[in-house]
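Structure first, commentary second.
The values are calculated or read from the model by the stated rules, or taken from the named source; none is laboratory data. Keep in mind that this is a model prediction, so the values were computed, not measured. Every residue, glycine among them, receives a Cβ derived from its backbone with ideal geometry; neighbour counts consider all protein chains shown. In case anyone asks, the SASA skips ligands and DNA or RNA and just uses the protein heavy atoms, side chains included. Shrake-Rupley method; radii C 1.70, N 1.55, O 1.52, S 1.80 Å.
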Amino acid sequence: QVQLVESGGGLVQPGGSLRLSCATSGFSFSNYALSWYRQAPGKERELVAIISRIGRSTNYADSVKGRFTISRDNAKNTVYLQMNSLKPEDTAVYYCNAHIVATDYWGQGTQVTVSS
């Protein structure tokens, strides 16, 4: 049974940092690319970052380039999202995603609120 569990969200002031974690189980972690998405109130879910199977390749949404870093630890079956220089427009629920054999698996999400 595939499971993804996000953690690390919270309330942070503009300019601050947070590190999100996504612990996974139930599949061969190192065989799949992993992604982070986010969904702000009233908006569609959007791709934030994606990392290849062994972490050599990453891609980011233009809105977070230079501020966010996705990484993975294949020994711990965990993917991370380091978020720096946070802005109010980064406020959203952040979701971890694994696309496995034509099926998307999602975690429950973790709320990130950037506000003074």
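Where does segment 29-93 land on Rg/Rh, using Cα atoms and the Kirkwood Rh?
For segment 29-93, the value is 0.99.
Karplus couplings for segment 25-35 from phi (6.51 cos²θ - 1.76 cosθ + 1.60, θ = phi - 60°), rounded to Hz, Gly and Pro as x?
7, x, 8, 7, 3, 6, 8, 9, 5, 10, 9
Please work out how much accessible surface Thr103 shows to a 1.4 Å probe, ignoring ligands, DNA and RNA, in Å² rounded to 10.
Looks like 50 Å² after rounding.
Where does the charge balance sit around Tyr37 when Lys and Arg score +1, Asp and Glu -1, over other residues with C-beta under 9 Å from its C-beta?
Net charge around Tyr37: +1.
Compute the accessible area per residue over segment 69-116, keeping the other protein chains in place, probe 1.4 Å, unit Å².
47
Taking trypsin sites (Lys or Arg not before Pro) as candidate sites, keep only those in a DSSP loop with at most 14 other Cβ atoms within 10 Å, then name the longest stretch of the chain containing none of them.
1-42
Quick one: P(r) of segment 63-112 from all Cα-Cα pairs, 10 Å bins, percents rounded to integers, in order of increasing distance.
Spelled out per bin, shortest first, that is 20, 48, 29, 3.
Pull out the extension gain between Tyr32 and Gln82, defined as 0.36 nm times the separation in residues minus the alpha carbon to alpha carbon distance; nm, one decimal.
Working it through step by step, the gained length comes to 16.0 nm.
Roughly to the nearest percent, how much of the accessible area of the chain is carbon and sulfur, given a 1.4 Å probe?
Carbon and sulfur together cover 45 percent of it.
Go ahead and collect, in residue order, the members of segment 10-44 whose backbone nitrogen is under 20 Å from a label point 7 Å along the Cα-Cβ direction of Ser52.
Zone members listed by number: 28-36.
What does the charge add up to near Glu89, with Lys and Arg as +1, Asp and Glu as -1, over the other residues with Cβ less than 11 Å from its Cβ?
Within the 11 Å Cβ shell, the charges total +2.
Give the distance, in whole Å, between the Cα centre of segment 30-61 and the Cα centre of segment 80-116.
The distance from the Cα centre of segment 30-61 to that of segment 80-116 comes to 8 Å.
On a full-extension model of 0.36 nm per residue, what is the gain between Ala61 and Ser115, subtracting their alpha-carbon distance, rounded to one decimal in nm?
Going from the current span to full extension adds 17.3 nm.
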